Amino acid sequence: MTDQIAKDQEVTNRSTRMIAGTAYKNGLTGSLDLLNRLRSGPHKANSPESGLDLDIIAGHAANAASITLAFSVAGIVMWILGWLLLINTLSFLAIIFHFIGSALIIYEMIYLRWSNARLFLRHNYDSTLKPDAKFLKPLSTMFEHQILQKTIQPEPNQNVITFGGYRPFLGAGIRISGWTLSIERKPAKDSNADHNTHINIPLHQFYQAADEAVKNLELRDIKQNLCLFVNGYELEPDEVLLKSRDSHPLATLPEERIQDFFDSDLLIDKRAYQLFSYHDKVRDNLLSYFLRFYNIGAITFVETSVHTLTNVDQSRYSLSSLLDESATIKVIKTAFFTLLLAVLYSIYVIPALFNVYRYGSTLLAWRGEDKRQKQSAKSAEEYNYGLVQTFRESVAAPFYQNYFGVQDLTMYWKTLDEAVLSSIVKTLKNHGVEVSKFEEQAAGIINNGVMVTGGEFTANQVAAGKGAASIMGSVSSNSQETRVGKVVGGITKAVTN
């Protein structure tokens, strides 16, 4: 168990250190990009993140930006002094100051970024590495805290998700599957009940049956909890989810409070779901299976939505290119370009001025955006408290990058489908509801193919967990086989025969 915990921690540290190292590797541009992805505004909802230490990433990104700014300002000062000395005919001193200015700019661009980023290579990394030097601490702190407005580290028990776009399942990644069924709760044909009536089944019995069916599978690392999804557009204060217009929405609620939303009006933009999640920590993949029931008259609606969040993109945040050159080569390049720019006098000030401009304009843009958000929130004029995307989703790989990880996610997903459907069948039968039509619909869902983003693979219908082989015996008695279908773009469909 200890070895597994250590391995899981290594995966978390690997993704965190790679992203933090990239902030130094890419300089001001890379660090500002990361900070822009991390910030969410003063009144925005908490972000449901997965598997990254955002405080460490934010700290190093702020430090990387501050380092570039400090060297750029120093270079500009040397440039000004150099020209002042040249005007006063002190040409020798002017050359020295221009040389120092160009050395500062080139040293930061070529050697320092490379050197700092190398600290995040696996064999060099120290997780206790402080993200800021003493003389840069005030600058880094301003960037990290004042600009980001509030703490960005997610709440571990967050179960209220306030979304800001069309997609409610914020933080779950890409949707790979989903189905909706309607069940008419009519008495069974062989019963003596009046067939013109319908049978009442409380919603909590469907949820309990699904939860029990999944637990009986004894699948490893499956977590179950209730989640409330809230549309953040023009959200009104209600003393529960939003205390006041100038606050941000609540991130956690007791489960009994979330259960109240299972019977909520369809016209309100708040929906509760039962969530079954599986986090493959070794490969850093997440499977989220959302389930919802709703009763309207004689009909029970069932909705599922299945999502996967891929691992951090290894091509975008790889540090392996840092191994291509040695310290000696970097020193030679630094010396060569320093001499070249010193001879040209003014050229070195151009990247320095650009860095100062980029830093200042970004700072002003963020402050202006925060000011507009505050005004919109207080006036309740088209303000959106929700988030469109989480930071973890923004750094995820566009395709699955591990064959075995895809197979495991597919196994868990299909097994959860079977467990949920079998629990519904069992609940309906226990209450004497006619299930023949529903069994046909359920068999169709089980027989559906697998859709996966990226690459080719064969996905066989699988059963996993205790007693899983007979889980859908009452629904479909025929074994299923799949074959790889044709590839259209990056989508591979495994079509069931």
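The values are calculated or read from the model by the stated rules, or taken from the named source; none is laboratory data. These numbers come from a predicted model, not from an experiment. Neighbour counts are summed over all protein chains in view; Cβ atoms, including those assigned to glycine, are modelled from backbone coordinates with ideal geometry. Just the protein is used for accessible areas: all its heavy atoms, side chains included, with ligands, DNA and RNA removed. Shrake-Rupley method; radii C 1.70, N 1.55, O 1.52, S 1.80 Å.
Take Ala365 and decide whether it is part of a helix (DSSP H, G or I), open to solvent by 40 Å² or more (accessible area, probe 1.4 Å) and out of contact with any helix residue (DSSP H, G or I) (no Cβ under 6 Å at 6 or more places or on another chain). Judged against the criteria, Ala365 is a match. Based on what the data block shows, is Leu226 under 25 Å from Asp265 (Cβ atoms) and either at pLDDT 85 or above or in contact with a Phe, Trp or Tyr (Cβ under 6 Å, 6 or more places away or on another chain) (or both)? When the stated conditions are applied, Leu226 passes them.
Which of the residues belonging to segment 2-35 are open to solvent by 50 Å² or more (accessible area, probe 1.4 Å) and either among the small types (Gly, Ala, Ser) or at pLDDT 90 or above (or both)?
Passing the criteria: Ala6, Lys25, Asn26, Thr29, Asp33.
Return a yes/no flag: does segment 273-281 have any residue that is farther than 30 Å from Phe399 by Cα and open to solvent by 70 Å² or more (accessible area, probe 1.4 Å). Within segment 273-281, not a single residue is farther than 30 Å from Phe399 by Cα and open to solvent by 70 Å² or more (accessible area, probe 1.4 Å). Based on what the data block shows, is Ser320 within 26 Å of Gly51 (Cβ to Cβ) and loosely packed, with under 13 Cβ neighbours inside 10 Å? Answer is yes for this residue.
Whether any residue in segment 115-137 is assigned to a helix (DSSP H, G or I), loosely packed, with under 14 Cβ neighbours inside 10 Å, at pLDDT below 90 and not charged (D, E, K, R) is what I want to check. Checked segment 115-137: at least one residue is assigned to a helix (DSSP H, G or I), loosely packed, with under 14 Cβ neighbours inside 10 Å, at pLDDT below 90 and not charged (D, E, K, R). The number of residues in segment 165-176 that are open to solvent by 20 Å² or more (accessible area, probe 1.4 Å) and either over 23 Å from Ile424 (Cβ atoms) or assigned to a strand (DSSP E or B) (or both) comes to 6.
Note on segment 52-69: residues that are open to solvent by 30 Å² or more (accessible area, probe 1.4 Å) and either closer than 23 Å to Met109 by Cα or in contact with a helix residue (DSSP H, G or I) (Cβ under 7 Å, 6 or more places away or on another chain) (or both) total 2. Hand me the list of strands (runs of 3 or more DSSP E) wholly inside segment 223-317 holding 2 or more residues that are touching a residue at least 24 places away in the same chain (Cβ under 8 Å) and basic (Lys, Arg). Where strands (runs of 3 or more DSSP E) fall fully within segment 223-317 and carry at least 2 residues being touching a residue at least 24 places away in the same chain (Cβ under 8 Å) and basic (Lys, Arg), they are 270-280. In the condition set (1) open to solvent by less than 70 Å² (accessible area, probe 1.4 Å); (2) at pLDDT below 90; (3) part of a helix (DSSP H, G or I), Leu340 is compliant with all but (1). Residues in segment 263-281 that are over 29 Å from Gly51 (Cα atoms) and not β-branched (Val, Ile, Thr): Asp263, Ser264, Asp265, Leu266, Leu267.
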